[in-house]
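J.: Here it is: the structure, laid out below.
Just so you know, all these numbers are worked out from the coordinates, no wet-lab data involved. Since the structure is predicted, the reported quantities are computational estimates derived from the model, not experimental observations. Glycine also receives a Cβ, built like all others from the backbone with ideal geometry; neighbour counts cover every protein chain displayed.
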Amino acid sequence: MSKPKYKLIYFNSKGRAEVTRLLFHLAGYDYEDVRITDEQWHCKYKLDMPCKQVPVLFIDDEPLTQSKAIARYVAKQTDFYGQTNSQCARIDAVMDVCNDWHYSMVKWFGTGDPEVQESWVRVLREEAAPTVCSNLETLLRQNNGGDGYFVGDTITVADLFVFCDIEVIQAFVDDLLAKYPKLSALFDRVASNEKVAEWVKTRPHTKY
Ligand SMILES: N[C@@H](CCC(=O)N[C@@H](CS)C(=O)NCC(=O)O)C(=O)O
């Protein structure tokens with residue numbers, strides 16, 4: 001059976017779309033990586049998106065909204081989700097732990113006021129980032145003593161999701177992983193995966 005035709009709509013940034021791009025790259029799937037400008041968003045795309053937000057993945061012209069639903073769908077298609085219900089639930093837990101720092105980032109992006117932005121970066125640095133990193137370190141240590149991956153014995157969407165988030169959060173928080181040795185080693189392990197390194201080297205350059 002032939003694969004569906006995939007088109008991913010997002011801004012020209014990593015943000016909530018990068019893990020899906022990475023999954024497609026790792027699996028060697030063809031897809032259209034559509035990166036829109038703010039002007040195109042307001043003038044053309046927004047009205048057509050089911051929840052008036054991106055990312056949206058078109059699967060044979062049918063839109064799928066919500067970044068984590070998209071990532072899970074693509075992970076299932078490409079075999080980067082769990083092998084059992086329990087593994088899938090553990091992967092979901094890792095992805096949900098990251099909600100805390102997403103909230104600060106959404107607030108940061110939602111305002112153009114530098115003072116308000118600074119207050120949200122402070123929340124991220126002092127509260128959300130330590131909480132999320134500490135929780136991720138704990139979940140990681142529950143599997144293979146923290147020396148492998150979050151779930152099972154191979155890389156899954158949980159590892160890729162955390163890797164992509166850390167790349168973005170590091171643009172705002174210096175020494176993010178300094179106190180979390182297993183998480184830091186996981187980040188390096190994912191970064192040194194041949195296909196991940198290839199994507200990082202060849203993708204469009206964006207700050208976050
Ligand atoms: N819960 C949604 C949130 C999506 C979201 O916040 N998208 C932002 C970009 S990261 C957006 O579309 N902003 C433009 C707007 O809301 O007009 C998801 O995870 O996909």
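J.: Quick check on the chain: take the gyration tensor over C-alpha atoms, sort the square-rooted eigenvalues as a ≥ b ≥ c, and tell me if it's rounded (a/c under 1.5), prolate or oblate.
T.: Oblate, because a/c is 1.5 or more while a/b does not exceed b/c.
J.: Please report, in debye to the nearest 20, how large the charge dipole of region 66-112 is about its Cα centre when each Lys and Arg carries +1 at its beta carbon and each Asp and Glu carries -1 there.
T.: 80
J.: Of the residues Arg72, Arg35, Arg125, which exhibits the maximal mean-square fluctuation in a Gaussian network model of the chain defined by a 10 Å Cα contact cut-off?
T.: The residue that fluctuates most here is Arg35.
J.: Here is a follow-up. Extending each Cα 7 Å along its Cβ direction at Ser192 and Gln117, get the distance between those two points in nm, one decimal.
T.: The answer from the label model is 3.6 nm.
J.: Follow-up. Per q in 0.32 1/Å, what log10 I(q)/I(0) does a Debye calculation on the alpha-carbon atoms of region 138-187 return?
T.: The Cα Debye sum returns log10 ratios of -1.26.
J.: Now, a different point. Return the calculated 222 nm mean residue ellipticity for the chain, to the nearest 500 deg cm²/dmol, obtained by summing -39500 (n - 2.57) across DSSP H runs with n ≥ 4 and dividing by the residue count.
T.: Taking each H run of at least 4 residues, the total per residue is -15000 deg cm²/dmol.
J.: So, one more: Under the 0.36 nm per residue contour assumption, what length would be gained going from the current alpha-carbon distance of Asp96 and Tyr208 to full extension? Let's see the in-between values first.
T.: Values: separation 112, 0.36 × 112 = 40.32 nm, distance 1.99 nm.
In short, 38.3 nm is gained.
J.: Which peptide among 176-185, 57-66, 74-83 comes first, and what is the full order, when sorted by highest mean count of other Cβ atoms within 10 Å?
T.: Result, highest mean Cβ count within 10 Å first: 74-83, 176-185, 57-66.
J.: Going from the alpha-carbon gyration tensor of region 6-80, what semi-axes, largest first and in whole Å, does one get by taking the root of 5 times each eigenvalue? Walk me through the numbers before you get to the answer.
T.: Details: eigenvalues 86, 30, 21 Å².
One finds semi-axes of 21, 12, 10 Å for region 6-80.
J.: By per-residue mean of other Cβ atoms within 10 Å, what is the highest-first order of 201-208, 140-147? Display every interim value, and only then the final one.
T.: Working: 201-208: 10.1, 140-147: 15.0.
So the order, starting with the most tightly packed, is 140-147, 201-208.
J.: If you don't mind, there's one more thing I want to ask. First obtain the Kirkwood hydrodynamic radius of region 85-193 from its Cα pairs, then insert it into the Stokes-Einstein equation at 10 °C and 1.306 mPa s, and state the resulting D in µm² per second as a whole number.
T.: 111
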